[in-house]
1. Give the dimensionless ratio obtained when the Cα radius of gyration of segment 71-120 is divided by 2.2 N^0.38 Å.
2. Could you give me D for segment 22-94, from Stokes-Einstein at 37 °C and 0.692 mPa s, where the hydrodynamic radius is the Kirkwood radius over C-alpha pairs? Units µm² s⁻¹, please.
3. Considering only DSSP states other than H, G, I, E and B, which trypsin sites (Lys or Arg not before Pro) in segment 79-134 qualify as loop sites with at most 12 other Cβ atoms within 10 Å?
4. Using DSSP to define loop residues, name the GluC sites (Glu not before Pro) in segment 55-132 whose beta-carbon has at most 14 other beta-carbon atoms within 10 Å.
5. Trypsin sites (Lys or Arg not before Pro), restricted to segment 1-71: which are DSSP loop and have at most 10 other Cβ atoms within 10 Å?
6. Estimate the FRET efficiency between ASP40 and HIS20 by the formula 1/(1 + (r/R0)^6), using the beta-carbon distance for r and 22 Å for R0, to the nearest 0.05.
7. Quick one: of the DSSP bridges fully inside segment 50-134, what percent are antiparallel, nearest 5?
8. Quick one: length gained pulling THR52 to VAL76 fully straight, 0.36 nm per residue minus the C-alpha distance?
Amino acid sequence: MKKTYSSPEGHWITPIKINHSHGIRAGNMIFVGGQVDFDDKGNLQHPGDIVTQTRAAMDNLKRIVEDLGATMDDVVQINTFYAGEATEEDWVRCAEIRFGYFKAPGPTATGIHVGKQLNLPGLMVEVNAIAVVD
């Protein structure tokens, strides 16, 4: 099976050197790895701001999905990993942001609270997804 990899020029990089792709298309399936609020030099852009990080992670997710020839409406599953403390208002705003990227009905979704922090201090949100293209 042919695989297509996505790591667009100028897309964020990890602060450590690892060999990975942001997304892979295998046949009609697309797998997007965890998208976060890093810049193209591996710097966290909005430490501790769960709402802004959610929007950045979703923009990055969309970029990879589209780079692999799909649309956000092809996404069938989204997983969101959260760290730290957030208010109920924050959770509602983040959900509204995430699901604003999809037409109703949206994909299946899972939210996972991972404790105090993800892999770097101040990083509060990471989103991955699976898409299927007809």
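1. Values: Rg = 12.2 Å, N = 50, 2.2 N^0.38 = 9.7 Å.
Output field value: 1.25.
2. Values: Rh = 13.4 Å.
Using the Kirkwood radius from Cα pairs, D works out to 245 µm²/s.
3. On the way: sites: ARG93, ARG98, LYS103, LYS116; in loops: LYS103, LYS116.
Listed in order of number, the matching sites are LYS103, LYS116.
4. Taking segment 55-132 and a limit of 14 other Cβ atoms within 10 Å, the loop GluC sites (Glu not before Pro) found are GLU85.
5. Working: sites: LYS2, LYS3, LYS17, ARG25, LYS41, ARG55, LYS62, ARG63; in loops: LYS2, LYS17, LYS41.
Answer in residue order: LYS2, LYS17, LYS41.
6. Details: r = 15 Å, r/R0 = 0.69.
My answer for the efficiency is 0.90.
7. Close to 55 percent.
8. Values: separation 24, 0.36 × 24 = 8.64 nm, distance 2.36 nm.
The THR52-VAL76 span can extend by a further 6.3 nm.
The values are calculated or read from the model by the stated rules, or taken from the named source; none is laboratory data. Computed from a predicted model, the values in this text were never measured in an experiment. Heads up, the Cβs are rebuilt from the backbone with ideal geometry, glycines too, and the neighbour counts pull from every protein chain shown. Note: areas computed on protein heavy atoms with side chains; ligands, DNA, RNA excluded. Shrake-Rupley method; radii C 1.70, N 1.55, O 1.52, S 1.80 Å.
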